[in-house]
Amino acid sequence: MTVSMIDPDECWTAVLGRDRAFDGRFVTGVLSTGIYCRPSCAARHPRRENVRFFADGAAARGAGLRPCKRCLPDDVSRDERAVLAAIAAIRAAEQPLALAALAAETGYSPTHFQRVFTRHTGLSPAAYARALMAERAAQALTEERRVTDAVYAAGYSGPSRFYAANEGRLGMTPSAWANGGRGVTIRWAVVPTTLGDMLVAATDKGVCRLSFGEGRAALEARFPNAELVAGGAEFARLLDEVIRAVEAPGDFAHIPLDVKGTAFQEAVWRELRRIPAGETRSYAELAAAAGNPGAVRAAGSANGANNVAVLIPCHRVIRSDGSLGGYAYGLEVKRALLQREGALDDDLL
Ligand SMILES: [Zn+2]
């Protein structure tokens with residue numbers, strides 16, 4: 001596989017942002033220490049004047065540098081390049097691609113390729129393709145507002161398959177979240193959406209985590225004792241529902257959640273679920289609705305402690321002066337969510 005060298009300024013921006021999307025596209029050589037790193041290496045950033053960029057590890061070794069022991073640039077880049085290439089092929093394909101064909105592109109055996117792909121995305125290549133199809137259907141729904149067009153545009157064979165997903169259970173089903181999820185099996189996946197890569201994780205009771213820009217490591221840190229399992233058929237159906245809810249927000253009260261907080265936090269989360277799409281509340285209004293008008297700051301923290309973005313719509317809370325306030329995944333995501341719900345006047349942007 002060949003790598004075309006990208007612009008040094010672009011490389012340096014990626015390094016400063018520890019942008020994992022650039023891993024495998026170049027390595028960062030540090031002349032003062034004699035090592036080279038992936039762009040996303042967690043080590044302290046070197047000074048710009050000591051840095052040279054190389055297309056890959058071989059080029060860096062040719063210049064006398066050694067691989068970093070912390071980010072292991074050689075071990076991961078081949079896998080990540082294979083996964084990125086496969087994702088690009090899946091996205092570009094009109095028809096579902098056979099696993100053997102995808103694997104052949106990368107030079108891995110089909111079994112090994114399937115394992116590598118699943119470790120990076122939480123989904124098998126086939127499940128990833130299905131998630132992508134669901135995301136495109138949802139996007140087409142928002143864009144076209146015509147269900148049958150959206151169904152066929154997304155490549156489903158017909159409306160009945162499109163609606164075949166589970167009805168799901170109502171409301172929140174708290175389970176024991178003490179001990180970091182010990183004894184709990186959590187299924188998870190990272191899927192592409194118009195808001196960026198979305199992590200969705202669920203127990204057998206419902207969605208326990210929805211976030212953006214996170215992967216398996218973040219999930220492990222949050223539920224260190226849970227058993228994390230990638231994908232699964234029933235999970236895939238729930239995932240389809242979630243993708244559609246995120247791309248065309250509105251009615252997602254039927255999607256089951258599995259969250260646990262203090263009594264006040266849960267009251268706040270319940271009230272958040274009651275804010276209709278297209279409307280917003282202030283933190284003071286949220287505190288009052290949750291039964292404690294004096295607890296404005298606590299309502300703000302409960303809002304921030306929300307584990308399930310979008311489905312518990314904490315993005316619908318803004319400052320009383322009308323400014324957006326904060327958001328865990330950045331104001332661009334918050335603004336995009338409110339905009340597609342019709343909650344923002346254009347002149348307020
Ligand atoms: Zn490193």
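Could you grab me the full set of residues in the range 1-28 that are over 13 Å from Asp74 (Cα atoms) and either outside any loop (DSSP other than H, G, I, E, B) or modelled with pLDDT of 90 or more (or both)? Correct list: Pro8, Asp9, Glu10, Cys11, Trp12, Thr13, Ala14, Val15, Leu16, Arg20, Ala21, Phe22. Selection of first residues in the range 281-298 that are more than 21 Å from Ala343 (Cβ to Cβ) and in contact (Cβ under 8 Å) with a residue 24 or more places away in the chain and of second residues that are outside any helix (DSSP H, G or I) and open to solvent by 60 Å² or more (accessible area, probe 1.4 Å), restricted to Cβ pairs under 8 Å at least 6 apart or on distinct chains, gives the following pairs, ordered by first then second residue: Ala298/Asn292.
Any residue that is surrounded by fewer than 17 Cβ atoms within 10 Å (Cβ to Cβ), under 30 Å from Gln114 (Cα atoms) and aliphatic (A, V, I, L, M) - is there at least one of those in the range 229-246? Yes; the residues of the range 229-246 include at least one that is surrounded by fewer than 17 Cβ atoms within 10 Å (Cβ to Cβ), under 30 Å from Gln114 (Cα atoms) and aliphatic (A, V, I, L, M).
Does at least one position in the range 37-50 carry a residue that is outside any loop (DSSP other than H, G, I, E, B), charged (D, E, K, R) and either more than 10 Å from the ligand (Cβ to nearest atom) or over 16 Å from Leu72 (Cα atoms) (or both)? Looking for residues that are outside any loop (DSSP other than H, G, I, E, B), charged (D, E, K, R) and either more than 10 Å from the ligand (Cβ to nearest atom) or over 16 Å from Leu72 (Cα atoms) (or both), one finds at least one in the range 37-50, hence yes. Restricting attention to the range 51-71, the residues that are open to solvent by 30 Å² or more (accessible area, probe 1.4 Å), more than 11 Å from the ligand (Cβ to nearest atom) and modelled with pLDDT of 90 or more add up to 9.
Residues in the range 92-126 that are in contact with a strand residue (DSSP E or B) (Cβ under 9 Å, 6 or more places away or on another chain) and at pLDDT 80 or above: 2 in all. Scanning the range 178-199 for residues that are over 16 Å from Lys260 (Cβ atoms) and not polar (S, T, N, Q) yields Arg187, Trp188, Ala189, Val190, Val191, Pro192, Leu195, Gly196, Asp197, Met198, Leu199.
Looking at the structure I just gave you, is Gly29 over 17 Å from Val116 (Cβ atoms), without any contact (Cβ under 8 Å) to a residue 24 or more places away in the chain and of a type in the set (Gly, Ala, Ser)? It is false that Gly29 is over 17 Å from Val116 (Cβ atoms), without any contact (Cβ under 8 Å) to a residue 24 or more places away in the chain and of a type in the set (Gly, Ala, Ser).
Checked against the criterion of being within 16 Å of the ligand (Cβ to nearest atom) and not in a helix (DSSP H, G or I), the range 72-91 has at least one qualifying residue.
The values are calculated or read from the model by the stated rules, or taken from the named source; none is laboratory data. Values in this document were obtained by computation on a predicted structure and should not be read as measured data. Counting neighbours? That spans all protein chains shown, and the Cβs are built from the backbone with ideal geometry, glycine included. Heads up: the accessible areas ignore ligands, DNA and RNA and are worked out on the full protein's heavy atoms, side chains in. Shrake-Rupley method; radii C 1.70, N 1.55, O 1.52, S 1.80 Å.
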